[in-house]
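Chemist: Please find one structure pasted underneath; my questions will follow.
What follows draws every value from the coordinates through simple rules; no lab data is involved. Just so you know, these numbers come straight off a predicted model, no measurement behind them. When we count neighbours, we look across all protein chains shown, and the Cβ atoms used for this are built from the backbone with ideal geometry, even at glycine.
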Amino acid sequence: MVRSNEIGRVVAVHGSYVKIELDSEHRSPVRAHLDGAQTQIRINAYVTFDIGPDESLLGIITDLDSHETFEPSSEELTLELVRPRRLASIQLLGTLKLRSKHGMSAYEFDPGVNLLPTLETLAIPARAEILEQVLGKAPCRNRPSNWRGESDSCEYDAALRLGAATAEPDKPVCSSFNDLFSRPMAVVGNTGSGKSCTIARLIQGATKKTPNFKRVRVFVLDLNGEYASAFGVNNPTAGRQPDSMYANGVEFGIPVWTMNAAEVCEWLSTAEQTQQPALVNLWAIAKGAKKSADAPGEDYRSAVQNLCIIEQLIESPSGNKKGVESKECWAAATAFAPSLKETDEGKSIENILAQVNPSVFTPLFGRSFGASEPTLKKSVATLLEQLRVKAGALPTVIEQTADKPEYFDVSILDSPSGLECAAELSPGDKTMRQFLAGLQLRIQNRRKDKRWQSFYNYDRLQPAVKNAGEWFGYLGIGKADVPSVTVIDCSMLAHEVLPYACGIVGRMLLEVREQMDASKRFEEPWVIVLEEAHNYIRPHRQDEPRGTKVSRETFERIAKEGRKFGLSLIVASQRPSEISPTVLSHWTVPCSGLSSWRDSQPVSRSILV
């Protein structure tokens, strides 16, 4: 005789799931209880297993199966009767522990399983109070190190309602705000299954109900132009134009100067050995770097360093060696500042050092300057005083690199002479000209191709974009009282242009987060929504398009390292098999003990975080 609430016993135990044989005395999946009739044996129903005092495992039914077996009717007869053997596969979700607090007993749910059930363990339908504890209460995650509140308080976290449990329609499914936005998340499903509706509703809930010390910022890469209405974004006044981008309804662009050296080389398909060095040099010069031969004026700071070394040598009793070293330092100082030779002090130093003879050695005193040493010391000190004044008046110049997002006029790309100048090994050298013809042609083709106009429109935008700060301003970064959601409409971009645009936006956002104070990164978590991600983060292959490579490497890096900087991803796709496995490998389940849920809006088949 079995207990009224028993539905079966464990007959197989695996790493993450178990199989139970359903009780043969109960044919109907419906059971009558004090709370009324309930359907307990069905897909997505919840089951518990007692594994110790006040401790149980929670699982969910994922498969039902039936097998026929032969059973002898008695020992005397040879007739064998056929009976069905009904099996259920149950995915283990976590551990339930009964805790007493403030004189009350309640179950606490801990995702993960440390102790598996044994064979013949009874399977019992989850009771209403257990489901209320697991489904109705969102988990609290990532408590701050300086938190001094009660251990069960959720003031440092927020519950985000995702929908309702499939098997328990009256039970809401809630997730942790901290969990949801601290790692990559993916929403996958067939076309028309409601992926965009799911993401929009999730973001709406996150921006309205967040912890007091956090404010989530969301950047949506909208490939279909469908998110504007969900967040109150007005459409452009003149309508969306071909080959244009929009940020919250305002025309937007990806300035060509935001590309780093690697991206521009991929963009222009440069030959690694001949064209790439010239292009990288051109990119650096366009952003403000100077070629060493073109450096204007004299380097007083380097001259001061060499004169200081001469002073130290005069004071040290190192024999005739210090005279030779002083001579070398003076030659270096005059190379950085040739005008030193024209001064009275410089002429005096020249005359004294000209008398230094390396073959002459004075072992008694270790001196090689003789009576001229005081004069040398005085002349060097006078020059140092003059040069320090000049060096202090010079502005501090930081050498620009090809990777820094520094503004330059797009007309630089229209001049072939600029590329030839950047490739010169010496002034007037033209040996590289023959290797640059193909690169110059590709630059001209990119400039004339209207599909790339969003990369050149930064001077005609309203307002114009003259630096990286103004570009980030279009995304609401660095501004107060801006919407929490920025919709970047990429729906009018050509298929070839799209991966470059998405990859550069992702990289720029990551670099900004890397520069933020570590203590403030998690006060305002950032999330990038990648709609139709299979278009630009495909798995690596040898013949992949160059733009796809740029975008894939960017978002793979965010998936691997973004959590440290408070930057995460929401990936939406109908083709998860066509997304980089590096990005997929960072997905985890967001809700404690949940693998199936539904909502009043159309939703995807599954949601993974």
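Chemist: Could you list the trypsin sites (Lys or Arg not before Pro) in the stretch 501-571 that lie in coil according to DSSP, counting only those with at most 11 other Cβ atoms within 10 Å of their Cβ?
Modeler: Hits after loop and neighbour filter: R541.
Chemist: To the nearest whole percent, what portion of all C-alpha pairs in the stretch 379-522 is separated by more than 27 angstrom?
Modeler: The calculated P(r) of the stretch 379-522 puts 47 percent of pairs beyond 27 Å.
Chemist: Which entries in K287/K450; K341/K377; K479/K564; K466/K520; K404/K549 show an alpha-carbon gap greater than 18 Å?
Modeler: K287/K450; K479/K564; K466/K520; K404/K549
Chemist: Which of the lysines could a cross-linker bridge to K171, judged by Cα under 19 Å and excluding same-chain residues fewer than eight apart?
Modeler: Output for K171: K137.
Chemist: Compare the peptides 173-180, 48-55, 459-466 by average per-residue count of other Cβ atoms within 10 angstrom and give them in order, highest first.
Modeler: Ranking the peptides 173-180, 48-55, 459-466 by packing returns 173-180, 48-55, 459-466.
Chemist: Name the residues whose placed amide hydrogens come within less than 5 Å of the amide hydrogen of A186, ignoring near sequence neighbours (fewer than 5 apart) on the same chain.
Modeler: Here the answer is V571, L608, V609, since their amide H atoms fall under 5 Å of that of A186.
Chemist: Report the chymotrypsin sites (Phe, Trp or Tyr not before Pro) located in the stretch 196-246 that are in a DSSP loop and have at most 14 other Cβ atoms inside 10 Å of their Cβ, or state none.
Modeler: F213
Chemist: Let me ask something else. Can you compute the modelled spin-label distance between D409 and E578, with each label point 7 Å from Cα toward Cβ, in nm?
Modeler: Roughly 4.4 nm, to one decimal.
Chemist: Amide H to amide H, which residues 5 or more places from M245 or on other chains are under 5 Å from it, using H placed in the peptide plane?
Modeler: Here F252 satisfy the definition.
Chemist: Can you compute 3J(HN,Hα) from phi for each residue in the stretch 434-442, using the Karplus curve 6.51 cos²θ - 1.76 cosθ + 1.60 with θ = phi - 60°, rounded to whole Hz and x for Gly and Pro?
Modeler: With the stated coefficients, the stretch 434-442 comes to 5, 8, 9, 4, x, 5, 4, 5, 5 Hz.
Chemist: Quick one: if you stick a label point 7 Å off each Cα along the C-beta vector at E132 and E25, how many nm between them?
Modeler: Distance between label points: 3.0 nm.
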